[in-house]
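Everything on this sheet refers to the single structure shown next.
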Amino acid sequence: METGQKHMAQTTKISNITSNLELSIQISLSGLSFCVLERDSNTITCIKHVDFEKKLNPFEVLDKLKHVFNTEKVLQTQFSNVQVLHVNELSTLVPKPLFNEDNLADYLKFNSKILKSDFITYDSISVNDSVNVYVPYVNVNNYIYDMFGCFTFKHFSTILIEAILAAEKHSEIPKVFANISTDHFEIVVVNKGELILYNTFEYTTKEDFMYYLLFTTEQLQLNPETFNLIFIGDIDSKDELYITAYKYVRFVFLGNREDDYKYSINAQPASNHSDFTLIKSF
């Protein structure tokens, strides 16, 4: 179901809430993070990360989420808007002219391991007329619904792709964005404002990372002497991924969210490129 339909399918328990606080929660099997925005003052008042010691299953993730809601005072309040970002590899992009809602499982089965019992949904990405088909964590959605009533959810790559395409619509240089997390990263390749490729990879070493990066760019016939490699997410210039990339790619940069939010003292992002999808989700 599309985003608009998600709203219709849910009740409006919080429709009369006058709070100016908005909550965004990003959830993966390896960790979760959440962010609170005070809309009236355009101020991010809280950013917090919870890293799991190992990769969990969805049932264990829900237990972690419940613990966070039971122990974090900032979450025990009313929010005018709540959204959940699902982080996993179970997604694929489909050009909208070729999209048929009756074929959701067929789109996913070619590049993802899905079960017959999996609930499959999609986000529309209007900026490039595509559809992002994915499997959300249904148990997480059910819990958030029980907590707040009306809320929205998306695959985090929808936010990532939309934000990058919006920022790069006038760019003339091929750019490769690497969104770094602890155990996986996403590659978004754009050229002249168009999305060329999106993919996600699990990695454990810098060699893994470089293999996937260089293999991807080679397949796209991108010259490492000319394209721009831009890092966002959980990385800085001292990170071994950044240092190693400089040995193979001529132009390497740290990205910028380019947001206009103010940040309270206790909610300072680690950098201008960290928490990219979490903050861009507002």
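The values are calculated or read from the model by the stated rules, or taken from the named source; none is laboratory data. Given the structure is predicted, the values throughout are model-derived calculations rather than measurements. Glycine also receives a Cβ, built like all others from the backbone with ideal geometry; neighbour counts cover every protein chain displayed. Heavy atoms of the whole protein, side chains included, go into the accessibility calculation; ligands, DNA and RNA do not. Shrake-Rupley method; radii C 1.70, N 1.55, O 1.52, S 1.80 Å.
Listed by first and then second residue, the pairs with beta-carbon distance under 9 Å, at least 6 apart or on different chains, first residue in the range 118-138 and over 10 Å from L93 (Cα atoms), second of a type in the set (K, R) and in a loop (DSSP other than H, G, I, E, B), are V127/K169.
Can you confirm whether the range 188-211 contains a residue that is within 19 Å of F34 (Cβ to Cβ) and either under 17 Å from the mean Cα position of the chain (by Cα) or touching a residue at least 60 places away in the same chain (Cβ under 8 Å) (or both)?
Checked against the condition, which is being within 19 Å of F34 (Cβ to Cβ) and either under 17 Å from the mean Cα position of the chain (by Cα) or touching a residue at least 60 places away in the same chain (Cβ under 8 Å) (or both), the range 188-211 yields no hits at all.
Taking F59 as the residue in question, decide whether it is aromatic (F, W, Y), more than 18 Å from the chain's Cα centre (by Cα) and open to solvent by 20 Å² or more (accessible area, probe 1.4 Å). Criteria met by F59.
Mind checking which residues of the range 88-98 are within 21 Å of N128 (Cβ to Cβ) and touching a Phe, Trp or Tyr at 6+ places or on another chain (Cβ under 8 Å)? If you could, list the steps in order and put the result at the bottom.
In the first step, residues of the range 88-98 are kept if they are within 21 Å of N128 (Cβ to Cβ); the result is 89-98.
If the condition is that a residue be within 21 Å of N128 (Cβ to Cβ) and touching a Phe, Trp or Tyr at 6+ places or on another chain (Cβ under 8 Å), then L90, S91, T92, L93, V94 are the ones that fit.
What residue, among those in the range 248-263 that are over 17 Å from L214 (Cβ atoms) and in contact with a strand residue (DSSP E or B) (Cβ under 7 Å, 6 or more places away or on another chain), is least open to solvent (accessible area, probe 1.4 Å)? Outline the logic, then answer.
Here is the first cut: in the range 248-263, the ones over 17 Å from L214 (Cβ atoms) are 253-263.
So of that shortlist, the ones also in contact with a strand residue (DSSP E or B) (Cβ under 7 Å, 6 or more places away or on another chain) come out as 253-255, 261-263.
Values: F253: 91, L254: 66, G255: 13, Y261: 37, K262: 115, Y263: 51 Å².
My answer is G255.
Selection over the range 17-41 of residues that are surrounded by fewer than 17 Cβ atoms within 10 Å (Cβ to Cβ) and closer than 15 Å to S281 by Cβ gives a count of 1. Of the residues making up the range 144-155, those that are open to solvent by 20 Å² or more (accessible area, probe 1.4 Å), part of a helix (DSSP H, G or I) and within 17 Å of T77 (Cβ to Cβ) are D146, M147. Across the range 182-215, the qualifying residues are those that are crowded, with 18+ Cβ neighbours inside 10 Å and polar (S, T, N, Q), and the one among them that is farthest from S237 (Cα to Cα) is N191. With respect to K262, is the statement that it is on the phi < 0 side of the Ramachandran plot and either aromatic (F, W, Y) or out of contact with any Lys or Arg (no Cβ under 6 Å at 6 or more places or on another chain) (or both) true? Yes; evaluated as a whole, the condition is true for this residue.
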